[in-house]
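What follows is calculated from the coordinates using simple rules that are stated; it is not laboratory data. Predicted model, so just to flag it, every value in this text is computed and none were measured. Neighbour counts are summed over all protein chains in view; Cβ atoms, including those assigned to glycine, are modelled from backbone coordinates with ideal geometry.
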Amino acid sequence: MKLKPLLSVLMRSLCMAGMLTLSAAASTESPELDDMSLEDLLNVEITGAARKSQHLNDVAAAVFVISREDIERSGATSIPEALRLAPGVAVARLANNRWAVSVRGFNSRFSNKLLVMMDGRSIYSPLFSGVLWEDNDTLLEDIDRIEVIRGPGAAMWGANAVNGVINIITRRARDTQGGLLVAAGGSEERGLAALRYGGESGDGHFRVWGKAFARDEAVTPEGRYANDYWRAGRLGFRGDWVMGDGHRLTLSGQAFSGVTGDTWRLPDLRSPSGVTLSDVRQREKGVHLLGRDEWMLAGGSEMAVQAYVDTTEIEIVGAFRERRTTADIDFQQRMLLGDNHDLIWGLGYRYSHDVIDSGEFISIRPDSRGFSLASAFIQDEITLVPSKLRMMLGTRLEYNSFTRFEPMPNARLIWTPTASQSLWGSVSRAVRTPSRAELDAQVEFSVLPAGAPGNPSPLPILIRSNPAVKDLQNETVVAYEIGYRHQFGPSLSVDIAAFQNEYDDLRGTMMGGTRLALARPPYLIQNVFPDNSVRARTRGFEIAADWYPLPWWRIQPIYSYIDLHAWSRTGDSASINSVTTVKASDPQHQVSLRSSMSLSERQTFDLWLRYVSRLGDHGSPLAIPAYTTLDLRYAWRPTRDLELSLVGQNLLDRQHPEAIPTLLPSQALEIQRGVYVKAKWQF
């Protein structure tokens, strides 16, 4: 979409919001939008940036907090949808059960440069290096906040926190007492039901909950229904207790099971097009248990130890099945040394073991592997000028089974001339470790029919991706960032961040030898191997504003810009194809405009307009046109404990594509307009 049509849509939406505002002002008193002022929102505690509680204005990093109310009023029904609320985050819906989520570049279904945690438990998959969003969920009403940290977080959280960290934090059990019943249904969200109950237990509180849902299928570009259904159920609990000697103990856990559909373009030597469409079925299940203990020593030192065990199973019938068990333990201590040093140090160890059954066209050998990760970190926050200037120096040292030893240092400086503004800058290094699939997988990737472009031979060519012929290196980045925050008054704040990242040893591919397969019919095999032949540079900035033109009207405009340049160090044709994929991974421009109004004490109205610029070059098979979406939500509380809401999503067009699958051979699909109703009852 060109800039002029986009501005036209923005103006029409603002006019509509303005008319609704005048109507509300004429018919009701002006209630507060919520119980939190803008100053309160800016003083929300952040824990993911430096592994300690900080006010937003004191954080020397690009941080955006998505609150529980933000999620509710956005109308989002999944965590990836809620992440669209943050600047610098690219969220593309591949299907009704799959997403591509990244921060500051390199987006794909398995975005491998983004570390995601839920209550301190990493949900990053070692199989594909990324997050299987269809396997990771919770009751959205139980999320306290989502901290989105753009930029490397490896010095605090370790490898794979290359471009950012997403920290999903659930509410304390004492804040979820009593009962909650949620039911929803609509055109795409076919049905959702959730139940939660919280109570007291000894010197603490607990909650138990369950949810189940079913989603409809998306459509192909031709308008035919796809095979991307999604049905899942999940049970969970959390308990928080105050123990003797000031210990605060948290126990939580979940169990889930689900089934999703997909359609794959499988390589077929006998097909004139080289592919055959085949419906596939994915089954997943898992369980985890997490415990955390926090306490203070007599001298004021804070200590915490956390451990969790996580076991999952994912199977794509006929392709592969992975069973994985992970155990993790983490310790940290915070000490105040004199008046000028705030020191945090810690140790961690993780062991992950898998058993993989290979299928017809995906083979992973050996069929079982164990992976160890040992780490130590230290960071000192040094006060240079009291209440004005602070410097943070730290590093994390990691030793893993694949690439051995890696240091990940960072240096940060923050100047707070007043209590309402801060200027910060940072330099940091981060790495991404190879995935199990990159190291050990052989995949029959595609078939070039005889005489097709790129195949002048009279025989079809089977392109086969093989394990690396030599040890893969860690991908690395050196990142430079600067940011500025300013609260101009009680009703307006602005947050600006700019960055430049230099990447080396990025995963690419190289062409191997070609050999003749004497079969019926005979064909050629072209081998392709992963390597570290790609380099890249990204530059960009993000601007987020929070404005209350009236006490009951909140407007949040966001703009994100990224320029991604990638190149091959070898000139190999396969490496150049890898570069093409990287360049088509992220939109250069993203615009988000949210309007949230409390029309009365019992009525709210929310508007969310988003613009995403095109992906890829014109004519490229990875190209996606620019698109604009509009979501609307109206909510009414007939009583204090009952809320009814009506949500419309993607209202500006009947269907549109958001991304092209690039790893697994999924069929490209388009996302439809949707409407759903929801009831939430607290008792």
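Tabulated results
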quantity: Built amide H within the under 5 Å cut-off of residue 44, gap 5+; calculated: 56
quantity: Calculated [θ] (222 nm, deg cm²/dmol) that DSSP helices of n ≥ 4 give over the chain, each run adding -39,500 (n - 2.57); calculated: -2500 deg cm²/dmol
quantity: Overall dimensions of the chain as given by Cα atoms, namely Rg and Dmax in Å; calculated: 25.2, 82
quantity: Residues residue 208 and residue 297, FRET efficiency given R0 of 35 Å [Cβ-Cβ distance, rounded to 0.05]; calculated: 0.55
quantity: Three-way shape label, the stretch 140-218, alpha-carbon gyration tensor, a/c 1.5; calculated: oblate
quantity: Per-peptide average of other Cβ atoms within 10 Å, ordering 587-593, 674-680 highest first; calculated: 587-593, 674-680
quantity: Ratio of the Cα radius of gyration of the stretch 614-683 to 2.2 N^0.38 Å, where N counts its residues; calculated: 1.62
quantity: By average C-beta atoms within 10 angstrom, highest first, the peptides 422-430, 341-349, 628-636; calculated: 422-430, 628-636, 341-349
quantity: Angstrom value of the Kirkwood radius, inverse mean 1/r, which spans all Cα pairs in the stretch 466-531; calculated: 16.9
quantity: Of 52/678; 113/678; 583/680; 583/678; 113/285, those spanning more than 32 Å from alpha-carbon to alpha-carbon; calculated: 52/678; 113/678; 583/680; 583/678
quantity: From phi via Karplus (6.51, -1.76, 1.60), per-residue ³J(HN,Hα) for the stretch 278-283 in Hz, x at Gly/Pro; calculated: 9, 6, 10, 10, 10, 10
quantity: Of the GluC sites (Glu not before Pro) in the stretch 339-414, those whose Cβ has at most 16 other Cβ within 10 Å and which sit in DSSP loop; calculated: 360
quantity: Cα-based Rg / Dmax (Å) for the stretch 558-616; calculated: 19.5, 64
quantity: Three principal axis lengths of the stretch 79-208 [C-alpha, angstrom, descending]; calculated: 44, 41, 28
quantity: Dimensions (Å) - the stretch 556-683, Cα atoms, principal axes, largest first; calculated: 66, 30, 28
quantity: Fully extended contour minus Cα-Cα distance, from residue 53 to residue 273, at 0.36 nm per residue; calculated: 73.5 nm
quantity: Burial order of peptide ranges 137-145, 291-299 (average beta-carbon count within 10 Å, highest first); calculated: 137-145, 291-299
quantity: Acute angle (nearest 10 degrees) that the helix 3-27 long axis makes with the longest principal axis of the chain, alpha-carbon atoms; calculated: 30
quantity: Under Karplus coefficients 6.51, -1.76 and 1.60, residue-wise ³J(HN,Hα) of the stretch 72-88 in Hz, glycine/proline x; calculated: 4, 7, 6, x, 5, 10, 8, 5, x, 4, 5, 5, 5, 6, 9, x, x
quantity: Taking 257, 533, 53 and counting other C-beta atoms within 10 Å, the order from fewest to most; calculated: 53, 257, 533
quantity: Vicinal HN-Hα couplings computed from phi for the stretch 379-384 (Karplus, 6.51 cos²θ - 1.76 cosθ + 1.60; Hz; Gly/Pro x); calculated: 9, 10, 9, 10, 7, 8
quantity: Cα-based reach from residue 388 at 13 Å (exclusive), listing aspartates and glutamates while leaving out same-chain residues under 8 positions away; calculated: 58
